[in-house]
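K.L.:
Submitted below is the structure of interest, expressed as structure tokens.
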């Protein structure tokens, strides 16, 4: 059992590795081809010798199977390759994440109309998950993937939780593993039992603020400092070039009081649609402008273009160490991916 990172062209189960996407969240992630169908997939690997990594992959798979439906990335296959030392999870390939788009944009931010349109598409994906009785628990730019038609899907659901009151009570006081800069104040204070659709909306507000400005609200990444600043009642400051309707939408999502935020992804999407209307912007045209920049990324082509020739089979052999893989990964936004 090796557990060594596989090299390009290596085969794991029925998948052939094309290229590394680096180590997002500390996991080995690759663009791969399903051998039988020739379709592109995203392949996540967890070394069987790393109990925590394997547990996280199992948890993500469990949630994906239970919460499957529109707005959530689809599972293609899963299993273990003991002779190679990996558990694997194959997911339907979409385009790059919002984090990748921000990382390639000047100042790590988007024009206001594109930021609103992109985050609105993300809110619609979140609305689908909320409607099925789940919250995501780790909403951030890196966890929204965009397809060529402008639709978004959620990925990395290992922090997701049912929205039922009984489940929230059971989790009261539990720790959580979400990305700190996007954690809602009530979750930071009360723990995983406070996860809700409204805490997802807070994280969506942080995502919008970042997409508009290239920085975090109140200038902090520490959730304690963000929480204290929000509790003071002071609204986050926006650069002069951010138009009022865009700032107003973000401020609504970043209310310290969860009851004053949009209730879920659907209400957040409606608020963002209102912002586009107030700006007298055609939301579809703004989304298409965002997609033009997204399609220019090399990783978009790697994820979406079908292979023209069959990938030659190769055995799994020595490959670059994880640190080397991370260094060779595509550029990412400073927001956690």
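K.L.:
What about residue 46, is it more than 18 Å from the chain's Cα centre (by Cα), at pLDDT 90 or above and farther than 21 Å from residue 95 by Cα?
P.N.:
For residue 46, the condition - more than 18 Å from the chain's Cα centre (by Cα), at pLDDT 90 or above and farther than 21 Å from residue 95 by Cα - is met.
K.L.:
Six or more apart or on different chains, Cβ atoms under 7 Å: show the pairs whose first residue is in the range 265-291 and without any contact (Cβ under 8 Å) to a residue 24 or more places away in the chain and whose second is part of a helix (DSSP H, G or I).
P.N.:
271/249; 271/252
K.L.:
Working only within the range 57-79, note down all residues that are more than 26 Å from residue 127 (Cβ to Cβ) and either within 22 Å of the chain's Cα centre (by Cα) or surrounded by 16 or more Cβ atoms within 10 Å (Cβ to Cβ) (or both).
P.N.:
57, 58, 77, 78, listed by residue number.
K.L.:
Within the range 223-244, count every residue that is in contact (Cβ under 8 Å) with a residue 40 or more places away in the chain and either surrounded by 14 or more Cβ atoms within 10 Å (Cβ to Cβ) or in contact with a strand residue (DSSP E or B) (Cβ under 7 Å, 6 or more places away or on another chain) (or both).
P.N.:
Total satisfying the criteria: 6.
K.L.:
If a residue counts only when it is within 26 Å of residue 96 (Cα to Cα), which helices (runs of 4 or more DSSP H) contained entirely in the range 184-303 have at least 1 such residues?
P.N.:
Counting at least 1 such residues, we get 197-213, 244-253, 265-278, 283-295.
K.L.:
Still on this structure, I have one more. Test residue 126 against the stated conditions and say whether it is buried (at least 24 other Cβ atoms within 10 Å of the Cβ), within 15 Å of the chain's Cα centre (by Cα) and at negative phi.
P.N.:
Spelling it out, residue 126 is indeed buried (at least 24 other Cβ atoms within 10 Å of the Cβ), within 15 Å of the chain's Cα centre (by Cα) and at negative phi.
K.L.:
Taking the residues in the range 135-156 that are under 9 Å from the mean Cα position of the chain (by Cα) and assigned to a loop (DSSP other than H, G, I, E, B) as candidates, determine which candidate is surrounded by the most Cβ atoms within 10 Å (Cβ to Cβ).
P.N.:
Filtering first and then ranking leaves 139.
K.L.:
So residue 117 clears everything in (1) modelled with pLDDT of 95 or more; (2) over 19 Å from the mean Cα position of the chain (by Cα); (3) part of a helix (DSSP H, G or I) except one condition, right? Which one?
P.N.:
(2) is the only condition that residue 117 fails.
The values are calculated or read from the model by the stated rules, or taken from the named source; none is laboratory data. Note that the structure is a prediction, hence the values are computed from the model and not measured. Neighbour counts run over all protein chains shown; Cβ positions are idealised from the backbone, glycine included.
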